[in-house]
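Novice: Here you go, one structure.
The values are calculated or read from the model by the stated rules, or taken from the named source; none is laboratory data. None of the values given here were measured: they were computed from a predicted structure. Cβ placement follows ideal geometry from the backbone for every residue including glycine, while neighbour counts extend to all protein chains displayed.
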Amino acid sequence: MSSDCAPRGPDEHPLLPRAIHLAAHAVAASACGLPYPPLSLSASGCPLTREASVGRGPARNPLETEVIVALAGAEAEAIATGATVPCCADVAQWITDGDGAEAEPFIEWLRLKTARTVEHPLRQRLIAAIAQALVSRGALGEPEVRAIALDETGRYMRGQ
């Protein structure tokens, strides 16, 4: 599958897959009605929201929001690199008391919703633009992420 955020070759920055992963979390959070989180390549872990949300866009409720945002980083990184990327959060733990088999069908359904969210052409462009800026700067605050997303959305809407 072709992707706007796919690495372009051996000259790509080695942190680009991580930047794509983090950018996808931010773009999915926005798609679900949450603010963009600050992003940093030097921080460990992923910028999961842990905020209450009524659910918007692909998510119908706060639980779906959390799962979609959690899965988005791994989904975008897998699209970009072609490799299976382990999810950065054990989302099955959020749903059951450790019984992953019980949650598996629900998680798979949300993984498919996440894939559709991340694969959208506009969101691919947002992920790519935010990831490139993150590689260039090392960290982005919420206002910077929002400005990049607004600028790229404008280009997309103008057909550029």
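Novice: Which of the residues that make up the range 114-154 are among the charged types (D, E, K, R) and out of contact with any helix residue (DSSP H, G or I) (no Cβ under 6 Å at 6 or more places or on another chain)?
Specialist: Once the filter is applied, which keeps residues that are among the charged types (D, E, K, R) and out of contact with any helix residue (DSSP H, G or I) (no Cβ under 6 Å at 6 or more places or on another chain), the range 114-154 yields Arg116, Glu119, Arg137, Glu142, Glu144, Arg146, Asp151.
Novice: Looking at (1) surrounded by fewer than 22 Cβ atoms within 10 Å (Cβ to Cβ); (2) at pLDDT 70 or above; (3) closer than 22 Å to Phe106 by Cβ, which is the one condition that is false for Ser53?
Specialist: (2)
Novice: Can you go through Val85, Val91, Val67 and tell me which one is modelled with pLDDT under 95 and within 17 Å of Leu22 (Cβ to Cβ)?
Specialist: Exactly one of Val85, Val91, Val67 is modelled with pLDDT under 95 and within 17 Å of Leu22 (Cβ to Cβ), namely Val85.
Novice: Continuing with the same structure: Quickly run through the range 30-50 and pick out the residues that are of a type in the set (A, V, I, L, M, F, W, C), modelled with pLDDT under 90 and surrounded by 15 or more Cβ atoms within 10 Å (Cβ to Cβ).
Specialist: Cys32, Leu34, Cys46, Leu48, listed by residue number.
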